[in-house]
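Here's the structure we're looking at; comments come further down.
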Amino acid sequence: MGQSTDGVTSREVGDLTVVHLMRHGEVDNPGGVLYGRLDGFHLSDLGREMAQLVAAHLEANDITHVVASPLERAQETAAPIAADHSVGITTDARVIESQNHFEGRAVGARDLLHPRNWHLFTDVTKPSWGEPYEDIAARMLAAIADARDAARGHEAVIVSHQLPVWTVRNKLVGRRLWHDPRKRECTLASLTSLTYDGDELASITYSEPAVALLARASKSVGA
C-alpha cells in the first residue's frame with residue numbers, strides 16, 4: 001500500500017481527532033469528458049469495488065462522522081463507510097469539485113493548445129481556467145474544521161475530489177498551491193489523514209487502501 005507522511009510540528013499528544021480526506025472511486029465515464037460538477041456521473045463497477053475495499057479497511061476505525069460532496073460519485077463512495085459505522089452522510093457543498101471552464105468537454109492536448117483557449121491560460125498560479133486555488137483551500141479548511149469538531153476525540157471521513165484534497169494538503173503544509181496536476185499524490189479512493197491534537201494539526205499521512213485495483217482503472221480525464 002502506498003503511504004507517505006508530511007512533517008507537521010506537533011505538541012504533546014492529548015485529545016486526538018483524525019479527519020480522513022478521501023477521494024472518490026472510479027467514475028463511469030465512457031465519453032472521457034472532464035465531468036467536474038456535472039450531475040449524472042456515478043461510480044463504475046470498479047469504483048464501487050474501491051469504495052467497499054476502503055470501507056473494509058476503515059471498519060475497525062472509530063469513525064463517528066461521515067461527510068461527502070453533493071456529487072453522486074462522492075455520495076456513493078461514502079455510503080459503505082457510513083453504513084459500516086451506523087452513521088448518516090452529511091452533505092457539504094464546501095468539499096465539492098472545483099469549478100473548471102473545460103467542464104463537460106473531452107479535453108486533449110490539441111483542444112488545450114487551440115488558440116480559442118489561450119485566454120484561459122494567462123495565469124497558471126491562480127488558475128485562470130477555473131476556481132482560484134485559495135478559494136478551494138479556504139472552503140476545504142472550513143469543512144475540515146467543522147468535521148473535526150463533530151468527531152472530536154474520534155475520527156471523521158470527508159469524501160471529496162482530487163484537486164480540493166491536494167490543494168488543502170498543500171495549504172496545510174505550507175507549499176505553493178499551483179502545481180503540475182501529474183504530480184498530485186491523491187489516487188482514486190486514497191486517504192489523506194489529518195491527525196489533530198485538540199485544534200492543532202499534528203501530522204498528515206497519505207495511504208492507498210485500494211492500490212491493488214488502480215491498475216484496472218480508466219486513464220481518461222475526470223476529477
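The values are calculated or read from the model by the stated rules, or taken from the named source; none is laboratory data. All of these numbers come straight from a predicted model, not from anything done at the bench. Positions of Cβ are generated from backbone atoms using ideal geometry, with glycine treated the same way; all protein chains shown enter the neighbour counts. These accessible areas exclude ligands, DNA and RNA; they are computed on the full protein's heavy atoms, side chains included. Shrake-Rupley method; radii C 1.70, N 1.55, O 1.52, S 1.80 Å.
Quick one: which residues, 5 or more positions from Val18 or on another chain, have an amide H under 5 Å from its amide H? H modelled 1.01 Å from N in the peptide plane, none for Pro or chain starts.
His154, Glu155, Ala156, Tyr196
Write down the accessible area per residue of the stretch 146-193 in Å², having rolled a 1.4 Å probe over the full set of protein chains.
39 Å²
Out of the total accessible area of the stretch 80-223 (probe 1.4 Å, heavy atoms of protein only), what percent is carbon and sulfur?
Heavy-atom surface of the stretch 80-223 belonging to carbon and sulfur, 1.4 Å probe: 54 percent.
Taking the Cα centroid of the stretch 86-155 and of the stretch 171-214, what is the distance between the two, rounded to the nearest whole Å?
If we compute the Cα centre of each part, the gap is 15 Å.
Roughly how many Å² is the accessible area per residue of the stretch 16-77, as a whole number, for a 1.4 Å probe?
37 Å²
With the calculation restricted to Cα positions, what are the radius of gyration and Dmax of the stretch 38-160 in angstrom?
17.4, 53
I'd like to know which of His20, Ala60, Val33 lies farthest towards the positive end of the charge dipole of the stretch 15-65, counting +1 on Cβ of Lys and Arg and -1 on Cβ of Asp and Glu.
Val33
Once you sort the root eigenvalues of the Cα gyration tensor of the stretch 166-223 as a ≥ b ≥ c, which label holds: rounded (a/c under 1.5), prolate (a/b larger than b/c) or oblate (the other case)?
Numbers: a/c = 3.50, a/b = 1.52, b/c = 2.30.
Because a/c hits 1.5 or more and a/b fails to exceed b/c, the stretch 166-223 counts as oblate.
Counting only helical runs of four or more DSSP H residues, what would the 222 nm mean residue ellipticity of the chain come to if each run contributes -39,500 (n - 2.57) and the total is spread over all its residues?
Taken over the chain, the calculation gives -8500 deg cm²/dmol.
Quote the charge dipole size of the stretch 155-222 about the Cα centre in Debye, to the nearest 20; the model charges only the Cβ of Lys and Arg (+1) and of Asp and Glu (-1). Working shown, then result.
Working: 9 positive and 7 negative charges, 115 e Å.
Charge dipole, the stretch 155-222, about its Cα centre: 560 debye, nearest 20.
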